[in-house]
1. Among DSSP beta bridges lying fully in the chain, give the percent that are antiparallel, nearest 5.
2. What does the convex hull of the Cα atoms come to per residue for segment 281-363, in Å³?
3. Out of segment 169-218, which trypsin sites (Lys or Arg not before Pro) are coil in DSSP terms and have no more than 12 other C-beta atoms within 10 Å?
4. Please compute the contact order of segment 353-507 in relative form: average sequence separation of alpha-carbon pairs under 8 Å and at least six residues apart, divided by the residue count, as a percent.
5. Considering Cα pairs under 8 angstrom that are at least six residues apart, work out the relative contact order of the chain and quote it in whole percent.
6. Quick one: plug the Kirkwood hydrodynamic radius of segment 389-504 (C-alpha pairs) into Stokes-Einstein at 20 °C, 1.002 mPa s, and report D in µm²/s.
7. For segment 313-419, run through the trypsin sites (Lys or Arg not before Pro) and keep only the ones in DSSP coil with at most 11 other Cβ atoms within 10 Å of their Cβ.
8. Treating only the Cβ of Lys, Arg, Asp and Glu as charged (+1, +1, -1, -1), what charge dipole size does segment 291-378 show about its Cα centre? Round to the nearest 20 debye.
Amino acid sequence: MGNNETEIKNDRFDSVEEGASFAELFAAEDLTVANVGEVVAGTIIGLSNDYAVVDIGDKSESEISLSEFKNEGEDVELKVGDVFDVLVEKREAEGGLRLSREKAIGIKVWEDIARIEEEDGTIQGRIDSRVKGGMSVDIGVPAFLPYSQIDLRPVKDLDGLISQFFDFKILKYNRRRNNVVISRRAILEEARNKLREKMRETLEEGAVIKGAITNITDYGIFIDLGGLDGLCHITDLSWGRVSHPSKLFKVGEEIEVKVLKYDKETDKVSLGVKQLKSDPWTTVEERYPVGSKTVGRVVSITDYGVFAELEEGVEGLIHVSEMSWSKKIRHPSKIVTVGDETEIAILNIDVDAKRISLGMKQLQPNPWDLAVDNYPVGSIIEGKIKNITDFGIFIGIEEGIDGLIHVSDLSWTERIKHPSEKYSKNEVIQAVVLKIDKENERFSLGVKQLEPDPWQAAASNYPTGTMIEGTITNVTDFGVFVQLEEGIEGLVHVSEISREKVKTPIGMFNVGDTLKAMIINVSAEDRKIGLSLKALEEGGDAGATPEEYAKKVQNSGPSTFGDLLKAAAGSEEEEGDK
């Protein structure tokens, strides 16, 4: 600042004779010469836009840039008469002084740092920015705050600390290298240790206290009780099912807990949240009797069903099979979503296992109950073929109810190897209701029952002793099969081929040939007809007529094909013994 900007008046030396020496000038006003490198008090005696004129009691004033006058990062509103510490940097050749406010602050800070470090005190600072390995903090000089010294636990949001003021401990410093390492953790540890000692004296099992959640894991949450950390296991968070603690709590949240166990030797504290309330399962059967209806909120969906919350701590399972009477549900998520409130029925309660079985379909009429009334046995229905398998055909009756026509009920007479030989998918056919099994949800149908069973008339159409003529359909070791009409076959057992003993008819007869024989046995129940060639031989057995022979066979011989086969087996064994 020049004299043309501010006129400085100083009449301290008016009484001093002209030509006095430099020492005499200071002696005149009891002045002392400031030493270079010394921090002294300076008084502002003048101001300009850029500079402050400072008097330190020397024979001359000095100018200091206003930028050196800062208070916690902000410019100070200066006024004449303000006093600040300044450093005498240099005495100019012409007698003037070079002063520095910033360096005076720095020297004062280093003096404070040395004193605080020696006394194990604290110093306040402002976190300025993130640097490699930690944070840069302004404590008057730049200081380094390592990540490990910021807090008792890792800090996730470091940027949120910037511009905040904290107290710090000085771990070490080197003035020559302008290096200071500080710690906030050390202060927090001291405070925690004091709280811990106090907590050890007052903490007891059964106490209800508040704490802040410091960490969440798969198996529980850790809570700072104020000097001591406690663990609340996942099983002690709620009387209900908890998939993960993070679904209920978040880090930093303050909650109330109950001390379940405290080991003073190891300082291990077990905590509980659910113990603050009574166990809802003790009276659950009273509030939710089996067979009653209630409303539940869907809290979880799995492949096998849905978990619904009836109240806090009480959940039940709606199995996928209990969701619908009729729909074939591929996945429960097709029916409900998490958060839905749905009406449900109480099916079963196991208090010891804390399990409740719930149902949704029970709130709707069971279509199988109606099926018995709507489709009485013997009635004829019409439906579309939905599926064809090796063992039969499935017909759509109504929503959720399919009927099965077993392959054996497709025809009275045809030997059907696979239903697809006669039917195709989506074909509409008629069938007769044979049986409805409501408990096992089975609906049996038949196609052949639409027509009379030809075997029911076989006894009257083919009386014993009647001579018939038919076509050979098969020749086996035990006999010859002869077709009498469509779907009706008879068997000439090997023992009835000739009066002479025949070991096997193979080679004696050909499929497709016409054969005459006498009917000697008819069983509509077994769907079999016994034929005989031997009865047609002249004189029959021991001179009997064919009719008499048939009667004799009927009275004393094998009455069924099963008997005939047993007789044939016996004959073969006798032949082998011979």
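1. If we restrict to bridges inside the chain, about 90 percent are antiparallel.
2. 80
3. Sparse-neighbourhood loop trypsin sites (Lys or Arg not before Pro): R176, R177.
4. 17
5. 5
6. 124
7. For trypsin sites (Lys or Arg not before Pro) across segment 313-419 that sit outside H, G, I, E and B with at most 11 neighbouring Cβ atoms in 10 Å, the list reads K328, R330, R415, K417.
8. Using Cβ point charges on Lys, Arg, Asp and Glu, segment 291-378 gives about 400 debye.
Read the figures in this text as sums done on the coordinates, not as results from a lab. All figures in this text were calculated on a predicted structure; none of them were measured in a lab. We place every Cβ from the backbone using ideal geometry, glycine too, and count neighbours over all the protein chains shown.
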